[in-house]
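In what follows, a structure is listed as structure tokens, so that the remarks can point back to it.
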Amino acid sequence: MSLFKKSLKGIAAGVCAVGLCALARKVKSRVGTLDIAQSLEGIPFPGTDLYSFLATRELKPMYTEMAGEILKEKEFHKLLDISTGLGYMPIELALHCKDCLVIGMDESADMVRIAEDNARASHVRNTVDFVTGSVTNLPFPGRYFDLVTSINVLHHWEDPVSVMEEIYHVLLPGGEFWIYDYRYETPQKVWDDAKERLPLYLRLPFTIGPVGGWKAAYAERELRRMIEGTRFEVLSIEPKTFTIFEQKLPAFTLARLRKPSTTTD
Ligand SMILES: C[S@@+](CC[C@H](N)C(=O)[O-])C[C@H]1O[C@@H](n2cnc3c(N)ncnc32)[C@H](O)[C@@H]1O
């Protein structure tokens, strides 16, 4: 097959992978099932490269802002970003905290490969480690990290309470779990206006990515109920504004949870 035909096939497969993920999220938000979304989420090649192509420029400022706010709040030393995707969150954390041990984990080996390339390009390959593993069975010892982050993936988990228990296990007593996700309570108009301001070629990726994530996200009351089923203490749950697609969007929620410092496990 010619190189041209191969490339076209790769692009088409990538578009299908991303499109199916969006469709699965939609199904989940309509009928309340996560099965399809979950089975599609360990994004394989070439969906990974397409995701990388679409997300690189448009989402990157968000990670810089998130990492800045985390490290301004408190001194953390051992940090883990789960379902890290392209690795931008751990890369930003490593850029801002030279003495930290930073690890990014993803189920997709191909995502890990791209994240490693991104870390190399940002000159932090020696200070960030990437690991292949699943949130359903974290490949780390207990009481190891003082911070775990998850960025815009909570709504993908089939059993979020079990994932939170996994995270609880790998955290040191007093360690924190910062969950960022799209904010379900964001008015539709915020998204419509943001989309209107975009050039035509960015409207589809914006709809498939952030808007799809928002539709599948949990409402704050659902999130609180979910956390009540875990052993975490809630430090805060609040609305947040971050820059994506070159616009500051008040479209995110941050939930800060803590493993009690008095815990005996
Ligand atoms: C929306 S993408 C990337 C999210 C990333 N945190 C970001 O901000 O760009 C979701 C990621 O979750 C990964 N993933 C899916 N199921 C997973 C699992 N069970 N354990 C770990 N990662 C998983 C996918 O491979 C994908 O890279």
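Some values worked out for this structure:
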{"quantity": "Residues located in region 106-143, provided they are within 13 Å of the ligand (Cβ to nearest atom), of a type in the set (Asp, Glu) and open to solvent by 70 Å² or more (accessible area, probe 1.4 Å)", "calculated": "GLU107"}
{"quantity": "Any pair with Cβ under 6 angstrom, 6 or more apart, that starts in region 117-137 at a residue that is farther than 21 Å from ASP99 by Cβ and ends at one that is aliphatic (A, V, I, L, M) and open to solvent by 30 Å² or more (accessible area, probe 1.4 Å)", "calculated": "THR132/ALA109"}
{"quantity": "Filtered residues of region 63-94 (kept if surrounded by fewer than 19 Cβ atoms within 10 Å (Cβ to Cβ) and touching a helix residue (DSSP H, G or I) at 6+ places or on another chain (Cβ under 8 Å))", "calculated": "THR64, GLY68, LEU71"}
{"quantity": "Any hit, region 26-41, residues being crowded, with 17+ Cβ neighbours inside 10 Å, at pLDDT 95 or above and more than 12 Å from the ligand (Cβ to nearest atom)", "calculated": "no"}
{"quantity": "Looking only at region 175-197, and only at residues there that are part of a loop (DSSP other than H, G, I, E, B) and among the charged types (D, E, K, R), the one that is most open to solvent (accessible area, probe 1.4 Å)", "calculated": "ARG197"}
{"quantity": "All positions within region 224-235 that are open to solvent by 10 Å² or more (accessible area, probe 1.4 Å) and either within 16 Å of the ligand (Cβ to nearest atom) or touching a residue at least 60 places away in the same chain (Cβ under 8 Å) (or both)", "calculated": "MET226, GLY229, THR230, ARG231, PHE232"}
{"quantity": "Where a residue in region 161-177 is over 21 Å from ARG224 (Cβ atoms) and its partner, wherever it lies, is open to solvent by less than 10 Å² (accessible area, probe 1.4 Å), with Cβ under 6 Å and at least six apart", "calculated": "VAL170/PHE145; PRO173/LYS259"}
{"quantity": "Residues that are open to solvent by 20 Å² or more (accessible area, probe 1.4 Å), at pLDDT 95 or above, among the charged types (D, E, K, R) and within 20 Å of HIS169 (Cα to Cα), drawn from region 236-265", "calculated": "ARG256, ARG258"}
{"quantity": "Scan of region 144-163 for residues that are open to solvent by less than 30 Å² (accessible area, probe 1.4 Å), in contact with a strand residue (DSSP E or B) (Cβ under 7 Å, 6 or more places away or on another chain) and at pLDDT 95 or above, ordered by number", "calculated": "PHE145, ASP146, LEU147, VAL148, THR149, SER150, ILE151, ASN152, LEU154"}
{"quantity": "Hey, LYS60 in contact with a Leu (Cβ under 6 Å, 6 or more places away or on another chain) and surrounded by fewer than 24 Cβ atoms within 10 Å (Cβ to Cβ) or not", "calculated": "no"}
{"quantity": "Strands (runs of 3 or more DSSP E) fully within region 37-137 counting 2 or more residues that are under 20 Å from MET164 (Cβ atoms) and not small (Gly, Ala, Ser)", "calculated": "78-82, 101-106"}
{"quantity": "Residues satisfying the stated conditions in region 164-205, i.e. within 16 Å of the ligand (Cβ to nearest atom) and at pLDDT below 95", "calculated": "PRO205"}
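The values are calculated or read from the model by the stated rules, or taken from the named source; none is laboratory data. All of these numbers come straight from a predicted model, not from anything done at the bench. Ideal geometry is used to build each Cβ from the backbone, glycine not excepted, and the neighbour counts take in all protein chains shown. Note: accessible area is taken over every heavy atom of the protein model, side chains too, but ligands, DNA and RNA are not part of it. Shrake-Rupley method; radii C 1.70, N 1.55, O 1.52, S 1.80 Å.
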